[in-house]
Amino acid sequence: TLLHSALIGFINGVQSCWTPSTFYCFQDVHVMIFVGFGFLMTFLQRYGFSSVGFNFLIAAFSLQWATLMQGFFHGMHHGKIHVGVTSMINADFCTGSVLISFGAVLGKTSPVQLLVMAIFEVTLFAVNEFILLTILGANDAGGSMTIHTFGAYFGLVVTRVLYRPNLDKSKHRNSSVYHSDLFAMIGTIYLWMFWPSFNSAITNYGDPQHRTAMNTYYSLASCTLATFAFSALVNPEGKLDMVHIQNAALAGGVAVGTAGEMMLTPFGSMIVGFLAGTISVLGYKYLTPVLESKLKIQDTCGIHNLHGMPGVLGAVVGAVTSALASPAVYGNGLQRVFADGEPGEWNAQSRGGFQAISLVVTLGMALIGGLVTGFILKLPIYGAPPDTHCFEDGLYWEVPGEEEGHHELNEVATPNETEKLNS
Amino acid sequence: TLLHSALIGFINGVQSCWTPSTFYCFQDVHVMIFVGFGFLMTFLQRYGFSSVGFNFLIAAFSLQWATLMQGFFHGMHHGKIHVGVTSMINADFCTGSVLISFGAVLGKTSPVQLLVMAIFEVTLFAVNEFILLTILGANDAGGSMTIHTFGAYFGLVVTRVLYRPNLDKSKHRNSSVYHSDLFAMIGTIYLWMFWPSFNSAITNYGDPQHRTAMNTYYSLASCTLATFAFSALVNPEGKLDMVHIQNAALAGGVAVGTAGEMMLTPFGSMIVGFLAGTISVLGYKYLTPVLESKLKIQDTCGIHNLHGMPGVLGAVVGAVTSALASPAVYGNGLQRVFADGEPGEWNAQSRGGFQAISLVVTLGMALIGGLVTGFILKLPIYGAPPDTHCFEDGLYWEVPGEEEGHHELNEVATPNETEKLNS
Amino acid sequence: TLLHSALIGFINGVQSCWTPSTFYCFQDVHVMIFVGFGFLMTFLQRYGFSSVGFNFLIAAFSLQWATLMQGFFHGMHHGKIHVGVTSMINADFCTGSVLISFGAVLGKTSPVQLLVMAIFEVTLFAVNEFILLTILGANDAGGSMTIHTFGAYFGLVVTRVLYRPNLDKSKHRNSSVYHSDLFAMIGTIYLWMFWPSFNSAITNYGDPQHRTAMNTYYSLASCTLATFAFSALVNPEGKLDMVHIQNAALAGGVAVGTAGEMMLTPFGSMIVGFLAGTISVLGYKYLTPVLESKLKIQDTCGIHNLHGMPGVLGAVVGAVTSALASPAVYGNGLQRVFADGEPGEWNAQSRGGFQAISLVVTLGMALIGGLVTGFILKLPIYGAPPDTHCFEDGLYWEVPGEEEGHHELNEVATPNETEKLNS
């Protein structure tokens, strides 16, 4: 009957905590989820409808399911689920983790498979989040662990279980064209810009929120420079690769997701961002091909490079920064950042230890959860695309012709153009 | 001399009411008007310049005219028009209604016709808004009636009067191509994301604003699921249709425009959103073709499905929810939602009745106003496009060639590509 | 050792001044810098990756360098640089000026040249800003002088020094295609919408901020109408030109950058916006070709029309409005707008004079700075593109094929389409 009363509470709706600062952060996070993730994945030449459309579908589904699951695990008051701006932000965060996993299986799954994956992943996300934030008292405002590490390794295990040996039959479609890369940049830029809002959305108002936004901003700026530099360095002709710019430039936001609200300092954030951008580019260049050929992990968007490794880096940075935190540096602000930062009771080493344990728990939950979910998704009942038709919108969408536009042009073509066409 | 002193007041400029919360809501609404509406209409293959460009033109014009008209009817203080963030939001709302009507006549009208339509529609919008909000004391914060129902039926009558029997001569251009559908999704997603800001922009600060944002959010999430489900269900092959996703997924925001600030509850919002998405998809599939063939209503964007029916649904939901409102449920908040919610004087049935009357007034104003405006627009003096050149940018814009890009590629083509091209 | 302690201060990070209103203005400004400028320049048919990518690179670099330079010149407290939301906004402003100059040399410079340009331009920007705001006590909240005039004339001199007599070898690529113009409109619309936030971001909270946002809004609305009108008027067939709509419609925001926080009144703002739009369109039509043929200034984006002339107009409007300011009009608000607006000490003519001097200083700094920087950039060590490969992504980017998409379509083509293709 707890579930029942929770549902009743949800149905009645209890509202509170309205502040402009949380609401505009919510809108920024919302933009990242729907525009950022949605358009980031439109880089595939014939999978734009599905990228932005399925992103839309599973996000709209996940945020509802997340409101119930997160409410059930840690949003209950007197048997009712409290909803409000904070629950909306948290639901978007949980959705983000599902969309990360979506990136690994992009182009190889049916919408029904994605919805089933969301059901399991959201539920496990809420459990993991409950263990980390409530039981272990961990700090993870920007979700390096709960969102990025969890979503990435969950998705990687799922795509491993769903391994397709004959995927190269669709290989010619598993790449971008000129315009699709520009659409993808819309996603990248929006994710990049609003990441300060993302990481600071549920931090404490005032100094902690301010610090989180700034640390994220400096980390991203530095990460972007590292990305451009290494993208050119690893290319034999010194050319830049859009895959790196679209993805690795964002790793700096992932890597300060845990420590962002701590006294990382601008210079510290920049170092973290630089490291994140570097390992992300190197991952795309050298690690992803190995993962596919040796470990049979077909990771369409390279989420291991954007969310996996930078997420783990963020967790480690968070653990180290916690272990170094002291009242001497934070003053009265210690308690505003760390739940157990009460004067006289503060034990930095212990806090750092709990942060490290949180990473291990997250990895465990992601691996086991992904394994189980992967086998469930492998059942041949969801209308998954055949190996010959992966990365192709036409299977699930009414796709208009591409050429029409050019033909029509002639009707109002200038004399000059008509001449050219006739000759 | 009232007009004169109003203009003087406008010229002098009186400012007040600056709060962060209203200003960021204004910016979100602004995004919906210029990016949301503008890109939503770029789905046509050869009408992208006009869609986003004319949207830009008539929006920039309408918001100025609306500031004067709305100021004249209900923003006067001591003979001067008060301007400020609130007047800017209200002007954007009024502009939204013109852009809805634009959707019905999209591709079949000249920019001059659109500006003339805006002059009349803005004026009537201000009159209707004055009757509803000031005389009848109606609630309509998100504008299910004032914006959506009014704009939709006004536009439908205009397009009926401007009926073109030979429009099929341009039929081959009245459709999308792959990239134009992706541009349109930019519009859809922005409208979807910021609708909570839209509906809550002029509600009372605190609980009513919070509740409006949440009800809108849940309604849209549920509406999106209904849209995907019914889009696949009504297709013989089970494929999704971009027209539905781009439009019907937004109907949930329209349908809670009146009742959003009331105690609709999350579950109630979801039911409303589900209904809105369903009738919208069914409308696109079954009703629009009938409207065109039987009633001679050529509705380019299908505004009847996105704004017309969901707007009426929203008005009805608002009337019913008002009629059920009681101090027992709202407590002290009743007066913050309903202007006549004073303790001891509250009469829910009467309030519900006035809401219903408001819908009737709105429909009447829209039908008569659209009829008159339509006949004015039919005068052959505005440079309307011929039947053979509808849905075509080339008539009003300097259009660059489409093919150039491909030819240029060769100059720096890699050896591999050059080989392919030579063979 | 001042530099040393400044760096230490930066490394330690001092935070303050967190308010929701400054933070959401920051996010809006951020959108203008990364999406606005980035996509505005994607109009070139084969330079989209570089436009949005190099914009990303030099913006991420400039904001870091600007934080140090601006901090060094006017953000020091006790030998440390104060960083926070305000410094983030100011760094974005400085970045904006570099991106304006980028517009002049777009397509003709290597990324290394752009970074070197940014190093010099950011430094000089900080010096000029220090002279104007701190020494001369000038008002320039929206940066008509510090950002637009400075960035425009700096960039124009740089492109003059880098004059390429044989640029017509790349002429066929120095134009848009249909889709690239739509991508550019994304940039235009975002710049247009968020300009009220831009101009008001660092004004005083309350009335001055409110007034700035409104003046900018009215100026832009009026400017847009002027742009459409004159774009059609100067075309022999009465057709609209996308170049004008994309650029000139924004000149109204530039032109109220100085006077926006003053009592310009809505009507005054509209006059300024109308003038700005008019001179901008006329500049694109008649002046730009002359600048290129007679003065050898190759201005790719036409920044002289969007930022140069409207920036000077804005400076003049600011000087005149200051010279007319009086306690009778501003009441107690005079001191909130003008730093030297203390009762009894206010001298409007003197203020107007200092504003005029500020413009002269800015022009001088821009011309000399641009000259020196231009010659530094002319050194043949930065990998600048040859005349035959300007406006071409392929030199610096791994560019995917364009045609792939069309071929793939056939594989899942409907019977109808296949038939058409076979015949």
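Computed from the coordinates by the stated procedures, all read-outs in this text should not be read as laboratory data. Keep in mind that this is a model prediction, so the values were computed, not measured. Positions of Cβ are generated from backbone atoms using ideal geometry, with glycine treated the same way; all protein chains shown enter the neighbour counts.
Seen against the Cα atoms of chain B and their longest principal axis, helix B:309-324 is set at about 20 degrees. Position C:PRO289: other-copy label points at 5.2, 5.2 nm, ordered by increasing distance, label point 7 Å along Cα→C-beta. Note on B:170-179: average number of Cβ atoms from other chains within 10 Å of each residue's Cβ is 6.
Its relative contact order, with pairs defined as Cα atoms under 8 Å and 6+ residues apart, puts chain C at 22 percent. The Kirkwood hydrodynamic radius of the range C:126-204, based on inverse pair distances between different Cα atoms, is 15.9 Å. Against chain B, whose longest principal axis comes from its Cα atoms, helix B:348-377 is set at around 40 degrees. Between this copy and the others, label points of B:VAL372 are 6.7, 6.7 nm apart in ascending order, each placed 7 angstrom from Cα in the Cβ direction.
Note on B:206-218: average number of Cβ atoms from other chains within 10 Å of each residue's Cβ is 5. Given the DSSP H assignment, sum -39500 (n - 2.57) over each helix run of at least 4 residues in chain A and divide by its residue total; what's the result at 222 nm in deg cm²/dmol, nearest 500? That comes out to -19500 deg cm²/dmol. Provide, for q = 0.18, 0.20, 0.24 Å⁻¹, the log10 of I(q)/I(0) from a solvent-free Debye sum over equal Cα point scatterers in the range B:228-321. Values, matching the q order: -0.77, -0.90, -1.13. Computed from phi, the 3J(HN,Hα) profile of the range A:167-182 under the Karplus parametrisation 6.51, -1.76, 1.60 (θ = phi - 60°) reads 5, 5, 5, 9, 4, 5, 9, 7, 7, 9, 10, 4, 5, 5, 5, 6 Hz, with x in place of Gly and Pro. Between the helical axis of B:266-282 and the dominant principal axis of chain B, each derived from Cα atoms, what acute angle in degrees is found, rounded to the nearest 10? Approximately 40 degrees, to the nearest 10. Label 7 Å along Cα→Cβ of C:VAL320; the range C:117-149 residues with amide nitrogen under 17 Å? The answer is C:144-145, whose backbone nitrogens lie closer than 17 Å to the label point.
Legend: calculated FRET efficiency, A:SER293 to B:ASN235, from the Cβ-Cβ distance at R0 = 22 Å, rounded to 0.05, equals 0.05.
For the protein assembly as shown, the Kirkwood radius over C-alpha pairs fed into Stokes-Einstein at 20 °C and 1.002 mPa s yields D = 70 µm² per second.
Here A:HIS172 yields copy-to-copy label distances, from shortest upward, of 2.7, 2.8 nm, the label point defined as 7 Å from Cα along Cα to C-beta. Take B:236-244, C:274-282 and order them by the average number of nearby Cβ atoms within 10 Å per residue, most first; the result is C:274-282, B:236-244. Remark: B:ARG173, B:ARG336 ranked as B:ARG336, B:ARG173, counting other beta-carbon atoms within 10 Å and listing the fewest first.
Using the Stokes-Einstein relation with a Kirkwood hydrodynamic radius computed over Cα pairs, the translational diffusion coefficient of the range A:174-262 at 10 °C and a viscosity of 1.306 mPa s comes to 114 µm²/s.
Cβ crowding within 10 Å ranks B:ILE271, B:ILE189 as B:ILE271, B:ILE189, fewest other Cβ atoms first. Note on C:VAL112 and B:GLN335: the model spin-label points, each 7 Å out from Cα along the C-beta direction, lie 7.3 nm apart. Using only the alpha carbon atoms of chain A, find the Kirkwood hydrodynamic radius as the inverse mean reciprocal pair distance, in angstroms to one decimal. About 22.2 Å, per the Kirkwood formula over Cα pairs. Cβ crowding within 10 Å ranks C:LEU367, B:LEU359, B:LEU225 as C:LEU367, B:LEU225, B:LEU359, fewest other Cβ atoms first.
Neighbouring Cβ atoms from other chains, within 10 Å of the Cβ of residues in B:78-90, number 2 on average.
Packing-based ranking of A:108-117, C:68-77 yields A:108-117, C:68-77, ordered from highest to lowest mean Cβ neighbour count within 10 Å.
Sorted largest first, the spans of the alpha carbon positions of the range A:34-132 along the three principal axes are 51, 22, 22 Å. Taking the centroid of alpha carbons for each part, the range A:323-361 and the range C:69-88 are 29 Å apart.
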